[in-house]
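Accompanying notes for the structure given below.
The values are calculated or read from the model by the stated rules, or taken from the named source; none is laboratory data. Bear in mind the structure is a predicted one, so any value in this text is a computation, not a measurement. So basically every Cβ, Gly included, is an ideal-geometry build from the backbone, and we count neighbours across all protein chains shown.
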Amino acid sequence: MLTYTQRICVFAVTAAGLYAQTAAPNMPVTDTRTSGAVELAQGQTARINVLRPNETATTACSAALTYFDGAGAQLKTATVTVAPGMVGYLDLFSDADLSLAVDQRKQIRVTVAVPVAAPSATSSSTTPKALPICRLIPTLEIFDEVTGRTAVVLGGFHHIADDAVTPTPTAE
């Protein structure tokens, strides 16, 4: 009986240790969306635009804009603050940021991450969802650096499932 009790205690302590290692750190939660992939050639600039459409809102909205290459490496990032009815953006230059030669192209994509509010304790749902603090409409544009002519515009960003509006557990 003593051996059985010891095994149960060892199992319980091990399980608790494993659970503690996999618990998410207390980090801010974001609603993150990604564009599809496009290629950028020498002489072109990529611009991620984010529109804050609600002109009646009274507060600005912050978002982290991040460019990634085709292998998932981060190329450039910045946080922009967008007032209601306004547009924020971040440029990725083929020459200054990527040092592309005349015959080179680089596959890129961009993410837009907006902080979310904690779920309401009075929610009628059994699993309350966190909601984005504000709504932004993103588009990715590729244009020629010399002429300024737009070559492509992408909309229709998609949620990244790993951290899409999922509240982070808090340590107590």
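Points worth noting:
- Scanning segment 108-153 for residues that are modelled with pLDDT of 90 or more and under 25 Å from residue 60 (Cβ atoms) turns up 110, 111, 112, 113, 114, 136, 137, 138, 139, 140, 141, 153.
- Scanning segment 64-84 for residues that are at pLDDT 95 or above, surrounded by 14 or more Cβ atoms within 10 Å (Cβ to Cβ) and of a type in the set (Gly, Ala, Ser) gives 64, 78.
- Selection of segment 63-86 for residues being more than 13 Å from residue 138 (Cα to Cα) and in contact with a Cys (Cβ under 9 Å, 6 or more places away or on another chain) yields 81, 83, 84.
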